[in-house]
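Report on one structure; see the data block that follows.
The values are calculated or read from the model by the stated rules, or taken from the named source; none is laboratory data. A quick note: this is a predicted structure, and the numbers were derived from the prediction, not measured. We place every Cβ from the backbone using ideal geometry, glycine too, and count neighbours over all the protein chains shown.
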Amino acid sequence: MRKISLTIALLFVALPSLAKDFGPDLGAFYKTCPGCEAIDYAGYKDWVMQIGGALAPNVGPIASYGSNGYELSIITGLSEVSKKMDYWVPDDFGRPGIGKAPGNLFVTNQIRLRKGLPHGFRIGGSATPLYNSSLWGLSLEVSWAFINGYKHIPDMGFVVAVGTVLGESDLMMIQVHPSFVVSKRFSIAGLFQLTPYFAYNFVFIRAGTHAHAVYRGATSSVEFAFDPINVFRHRLVFGLDATASFVVLGFELGLDVQNTRLNYGLKLGFLF
C-alpha cells in the first residue's frame with residue numbers, strides 16, 4: 001500500500017509539467033488597436049470565471065470524521081481552458097497575451113486539511129497553486145452534515161468555502177462556494193469502502209483590480225482598472241472516494257451547467 005501511495009503521489013507532482021505559462025499579464029485586457037474599446041471588459045469577466053473555477057476548492061463527501069478525525073489530502077485539479085476570446089494571444093498593436101504560452105489545461109495541486117467536530121460539523125482549509133502561473137488560491141471552509149452516519153439513509157449536509165486569490169498584486173478576488181452534498185459510504189467485502197457523492201455547487205466570485213500600468217511603446221505609462229464585478233455560476237459535482245485503512249483515493253468531476261466546462265480532481269488522502 002505504501003508503494004502504491006508513493007507512486008500516485010509522484011504522478012500528482014509530475015502532472016503540472018503538462019501546463020505552459022498562464023501569467024497573468026493584466027495588460028492583455030487593455031487594447032490600443034484602432035476602433036477598439038480600450039478596456040476588454042468581456043475578456044476580463046471570462047478570465048475571472050475560468051481562474052475562479054480552476055482554483056475552486058474540491059467538494060468531497062459530506063460525512064464528518066468524528067470529533068477526533070482528520071483528513072490530509074493532495075488533490076490534482078485539471079480544468080479545461082477556453083481560448084475563444086482574443087486576450088489569450090498578443091495582437092499587432094503591442095497588447096500582450098494573458099500568458100506567454102498558455103496551455104489547454106489549468107493544472108493545480110490543492111493541499112487540504114479537514115478536521116472533524118462533534119454533531120456532524122467539520123472545518124478545513126486549503127492552498128491551491130495554479131502551476132506555471134503566479135496565482136495561488138487560499139480558502140477556509142465549514143460544513144455540517146445534518147444527516148450523518150445512518151445505515152440506510154445517505155449522509156446530507158452543506159459545505160461553505162470562502163477564499164481569495166494571491167500572486168498578482170493588482171488583482172482583488174473573493175470567492176464564496178456554498179454546496180449541498182449527498183454521499184453514502186459502502187463497505188466492500190470488509191476490505192475497503194466506497195463513497196459516491198453528488199453535490200450542487202453555487203459559485204459567487206467578486207473581482208476587481210487596482211490601477212494597472214501598461215506601456216505601448218511610449219515612455220509614459222497608461223493606467224487602467226476594473227471596478228469589482230460579480231460572477232455567478234452553477235455547478236454539478238459527482239465524485240467517488242475509495243478508502244483502504246488510512247489511505248483515500250478519490251475522483252471528482254465538476255460540470256459548469258451554463259457553459260458545460262469540466263473540472264476534474266484526483267485525490268490522494270490520509271486519515272488520522
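Below are the figures for this structure:
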item: Segment 223-272 - residue that is assigned to a strand (DSSP E or B) and aromatic (Phe, Trp, Tyr) and, of those, farthest from the chain's Cα centre (by Cα); result: PHE224
item: Qualifying positions in segment 7-44 - part of a helix (DSSP H, G or I), surrounded by fewer than 17 Cβ atoms within 10 Å (Cβ to Cβ) and modelled with pLDDT of 80 or more; result: TYR41, ALA42
item: Subset tally (residues that are assigned to a strand (DSSP E or B) and either surrounded by fewer than 16 Cβ atoms within 10 Å (Cβ to Cβ) or of a type in the set (Gly, Ala, Ser) (or both)) for segment 113-137; result: 8
item: Criterion (modelled with pLDDT under 95, more than 21 Å from TYR41 (Cβ to Cβ) and outside any loop (DSSP other than H, G, I, E, B)) met by exactly one of SER220, SER179, SER187; result: SER187
item: Candidate set: segment 181-199, residues that are touching a residue at least 12 places away in the same chain (Cβ under 8 Å) and loosely packed, with under 14 Cβ neighbours inside 10 Å; chosen: the one nearest to LEU249 (Cα to Cα); result: LEU194
item: Residue check, SER134 modelled with pLDDT of 95 or more and hydroxyl-bearing (Ser, Thr, Tyr); result: no
item: Residue within segment 69-79 that is assigned to a loop (DSSP other than H, G, I, E, B) and either of a type in the set (S, T, N, Q) or at pLDDT 90 or above (or both) present; result: yes
